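Engineer: Input: one structure, supplied below.
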Amino acid sequence: MDSSETNFFRKHEFLIRRLHSLSGLLPVGAYMIVHLLTNASILNGVESFQNLVYQIHSLGKILWIVEWGFIFLPLLFHAGFGVVIIMGSKSNTSQYSYVANWRYRMQRITGMVALLFIGFHVLHMHGWFHVGFWKTFAHAIGMAQFSPYNAASTAGEAMQSTILMPVFYFVGIAACVYHLANGVWTMGITWGVWTTPQAQKRATIACAGLGGFVMIVAISALVGFCTLDTDKAQEREIEMYQESVNVGRIIENEEKLSKPAQKKIKRERRRK
Amino acid sequence: MIKNVYGENLTSFTVKVRRQASPDSQSYWEAFNIPYQADLNVISVLQQIAKMSKNAKGESTTPVAWDCGCLEEVCGACTMVINGRVRQSCSALVDNILDENNDVLRLEPMSKFPVIRDLVVDRSRVFRALQKIKAWVPVDGYYDMGAGPKQDRKRQEQAYPLSECMSCGCCLEACPQYLKVETQRESDETDEQFEDRKNAEYDKNFVGAHAINQAMLFNSNPTGKMISGERLDALTDEGGIQICGNAQNCVAVCPKEIPLTTSIAKAGRAATIHKIKKFFDSNEK
């Protein structure tokens, strides 16, 4: 018979599904929008983006709690339970090729694409875990490329490593944006905000507007990093780092600089 | 007159039927050639097949089993999948179908219910769902309860379309979240034991759009709403409204054009409020 674990999921099926619906918007979707807006600040210059990253990293030792509590764990729950939901359904767009049915199917396809993309993206930039041996390993395989105190230059280098990277990121982000915009629409039905076909049509327009806006922000960020002069950005970041440490805006932590930047600073010190 | 692909007048057409001798045997396709007549419906085609009892190869065969009742699209018994789309066979006119799809008529049993034989399926899960959500007005008792409260015109007009449901199962057949549940009878089981086990299995799985719509119909009735909390409890139980994935096929295939997705969204709203009230106020029923 059933184990108590599956009984727990069965008994709280309504609550778990509603939490899945909610977690897609709060905190996961909201975080995604803030993340993309932050990244798009690169168009305003290396300084704007670097300052925003300083602000995030000013959380210091509790940053990982925020990361895991508000981003990674909700995301893992949303993605993991999303896979369970997909496994309990059977798409039939070939038989019933209505627009809403395609949207339903696309929601599942983009969910899977987003899961793979975000999994790679977090490894690529962040490295998943910031513990000693794992960090060394991630660096060795060309992952964990983002250094918070060389924010713009390391992100730019990661984007410019191959021509495929921006294409891959574009597809991944587009899947995430569709999933969010269409997810807000279905969420409105699930929670009973828009009920009639007319209201749902208006909500579709609003959600498409939201998706379009987020996509523009995302493309701005992508273009910004792909066209960035990373050498110049690195120089500016090193200046900013030294000044910011001097005036006490950030606490000295060379771990958060990229390897080449660390070397440059050492060389400069020796010269003095 | 209907023309064939060569532009000639159609004299006969092919009917392919997905057949299955018994619940646990394999299904197979059998083709039949039917002489064309104007104004046939799928039921009369099936009657023609029974009369011929010969397939397209000229071999003699058993008549195709199918279910029907009213023959005017109000009972739902003759629901089947015709050329890939679920609908009632009584109101499926052959001329219209051949117009859309050259010369061939494909008949299949609904895929979400256990097949009993050929095109006959066991729809008991549809009715079990209505039991689960208490799709009735509770007036049974040992004494006269008097006249019920008056319904205003506006509410009557809102409720009428919801009441047109004939529990045919089209919404369930087209729903990508509604999966087939088939319970095999065990050799040492009594009828009652098997029935109980079957119902328990049904109750774990999605109730479906028709039941959600009926819950909203009876929750809007001035007498029916006396047990609205019980219906919402059933709708938020395992297999309840939370399984809906908003593909909205239900409303697109409903032969009665019932605003099913509006009922689902309204049930979602009612469930949200009901659950919050229950969580914060233990007296809420």
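Engineer: Within straight cross-link reach of B:Lys134, meaning Cα distance under 17 Å, which lysines are found once same-chain residues fewer than 8 apart are removed?
Structural biologist: Straight-distance partners of B:Lys134: B:Lys204, B:Lys225, B:Lys285.
Engineer: What fraction of the Cα pairs in segment B:228-285, stated in percent, has a spacing above 17 angstrom?
Structural biologist: 44 percent
Engineer: How about A:Lys266: which aspartates and glutamates have a C-alpha closer than 20 Å to its C-alpha, ignoring those fewer than 8 places off in the same chain?
Structural biologist: A:Asp231, A:Glu235, A:Glu237, A:Glu239, A:Glu243, A:Glu252, A:Glu254, A:Glu255
Engineer: Under the definition of Cα pairs under 8 Å and six or more residues apart, what whole-number percent is the relative contact order of chain B?
Structural biologist: After rounding, I find 16 percent.
Engineer: With +1 assigned to the C-beta of every Lys and Arg and -1 to the C-beta of every Asp and Glu, and no other charges, what is the dipole magnitude of the protein assembly as shown about the Cα centre in debye, to the nearest 20?
Structural biologist: Roughly 1680 debye, rounded to the nearest 20.
Engineer: Membrane-span-like helices in chain A: DSSP H runs reaching 20 Å or more (Cα, own axis), mean Kyte hydropathy at least 0.5?
Structural biologist: Correct list, ordered by number: A:73-87, A:99-125, A:164-190, A:197-226.
Engineer: What FRET efficiency comes out for A:Phe72 versus A:Leu22 if R0 is 22 angstrom and r is the Cβ-Cβ distance? Round to the nearest 0.05.
Structural biologist: The pair A:Phe72/A:Leu22 has a calculated efficiency of 0.80.
Engineer: Chain pair B, A: how much accessible area is buried, both chains summed, with a 1.4 Å probe, in Å² to 100?
Structural biologist: Interface between B and A: roughly 2600 Å².
Engineer: Can you tell me what percent of all Cα-Cα pairs in chain A are more than 32 Å apart?
Structural biologist: Tail fraction, whole percent: 33.
Engineer: Let me ask you something else. If you count only protein heavy atoms and use a 1.4 Å probe, how large is the accessible surface of B:Trp136, to the nearest 10 Å²?
Structural biologist: It works out to around 110 Å².
Engineer: Let's test the formula: R0 of 30 Å, r as the Cβ-Cβ distance of B:Glu201 and A:Thr93. What FRET efficiency results, to the nearest 0.05?
Structural biologist: Efficiency computed from Cβ-Cβ geometry: 0.60.
Engineer: Right, next: Using a cut-off of 12 Å between beta-carbons, work out the net charge of the residues near A:Phe81 (Lys and Arg +1, Asp and Glu -1, A:Phe81 not included). Let's see the in-between values first.
Structural biologist: On the way: positive: A:Arg17, A:Arg18; negative: A:Glu13.
Once all neighbours under 12 Å are counted, the net charge is +1.
Engineer: Jot down the radius of gyration and Dmax of segment B:123-284, Cα atoms only, both in angstrom.
Structural biologist: When restricted to Cα atoms, segment B:123-284 yields Rg and Dmax of 16.8, 55 Å.
Engineer: Right, another one. Sort by residue number and name the cysteines in the protein assembly as shown that have no neighbouring cysteine Cβ under 4.7 Å.
Structural biologist: A:Cys176, A:Cys207, A:Cys226, B:Cys90, B:Cys165, B:Cys168, B:Cys170, B:Cys175, B:Cys244, B:Cys254
Engineer: For segment A:1-83, treating each Cα as an identical point scatterer without solvent, what Debye log10 I(q)/I(0) comes out at q = 0.14 1/Å?
Structural biologist: The Debye formula, applied to the Cα set alone, gives -0.63.
Engineer: With labels modelled as points extended 7 Å from the Cα through the Cβ direction, what inter-label distance (nm, one decimal) is found for A:Val247 paired with B:Ser22?
Structural biologist: 8.7 nm
Engineer: Over 29 Å between Cα atoms: which of A:Lys90/B:Lys278; A:Lys11/B:Lys256; A:Lys11/B:Lys198; B:Lys51/B:Lys180; A:Lys90/B:Lys132 fall into that group?
Structural biologist: A:Lys90/B:Lys278; A:Lys11/B:Lys256; B:Lys51/B:Lys180
Engineer: Along the three principal axes, how long is the protein assembly as shown when you take its alpha carbons, biggest first, rounded to the nearest angstrom?
Structural biologist: Computed over the protein assembly as shown, the largest-to-smallest principal extents equal 105, 71, 53 Å.
Engineer: Any chance you could check the Cα centroid distance between segment A:205-272 and segment B:134-172 for me, in angstrom?
Structural biologist: Result: 65 Å between the Cα centres.
Engineer: Excluding ligands, DNA and RNA, what is the solvent-accessible area per residue of segment B:123-284 at a probe of 1.4 Å, expressed in Å²?
Structural biologist: For segment B:123-284, the per-residue accessible area is 50 Å².
Engineer: On to the next question. From the helices alone, meaning DSSP H stretches of at least four residues, give me the mean residue ellipticity at 222 nm for chain B, per-run term -39500 (n - 2.57), in deg cm²/dmol to the nearest 500.
Structural biologist: Mean residue ellipticity at 222 nm (helix-derived): -10500 deg cm²/dmol.
Engineer: Take the solvent-accessible surface of the protein heavy atoms, probe 1.4 Å, and return the percent of it on segment B:123-284 that carbon and sulfur atoms account for.
Structural biologist: The computed percentage sits at 50.
Engineer: Once Lys and Arg get +1 and Asp and Glu get -1 on their Cβ, which of B:Val81, B:Thr183, B:Val17 lies farthest toward the positive end of the dipole of chain B?
Structural biologist: B:Val81
Engineer: In terms of the ratio Rg/(2.2 N^0.38 Å) built on C-alpha atoms, what value belongs to segment A:1-154?
Structural biologist: Here the Cα radius of gyration is 1.28 times the empirical estimate.
Engineer: Next question, about the same structure. Let me have the 222 nm mean residue ellipticity of chain A computed from DSSP H runs of 4+ only, each contributing -39500 (n - 2.57), with the sum over all residues rounded to the nearest 500.
Structural biologist: Value at 222 nm, helices only, nearest 500: -23500 deg cm²/dmol.
Engineer: Continuing with the same structure: For chain B, what is one quarter of the convex hull surface built on the Cα atoms, given in nm²?
Structural biologist: So the mean shadow area of the Cα hull is 19.7 nm².
Engineer: From Cα coordinates alone, what are the radius of gyration and Dmax values for segment B:12-117 in angstrom?
Structural biologist: Values for segment B:12-117 (Cα only, Rg and Dmax): 13.0, 38 Å.
Engineer: By a straight-distance test (C-alpha under 23 Å), which lysines pair with A:Lys61 as possible cross-link partners, with residues fewer than eight away in the same chain excluded?
Structural biologist: A:Lys135, A:Lys256, A:Lys259
The values are calculated or read from the model by the stated rules, or taken from the named source; none is laboratory data. Quick caveat: nothing in here was measured; it's all calculated off a predicted structure. When we count neighbours, we look across all protein chains shown, and the Cβ atoms used for this are built from the backbone with ideal geometry, even at glycine. For the accessible areas, the whole protein counts, side chains as well, though only heavy atoms, and no ligand, DNA or RNA atoms are used. Shrake-Rupley method; radii C 1.70, N 1.55, O 1.52, S 1.80 Å.
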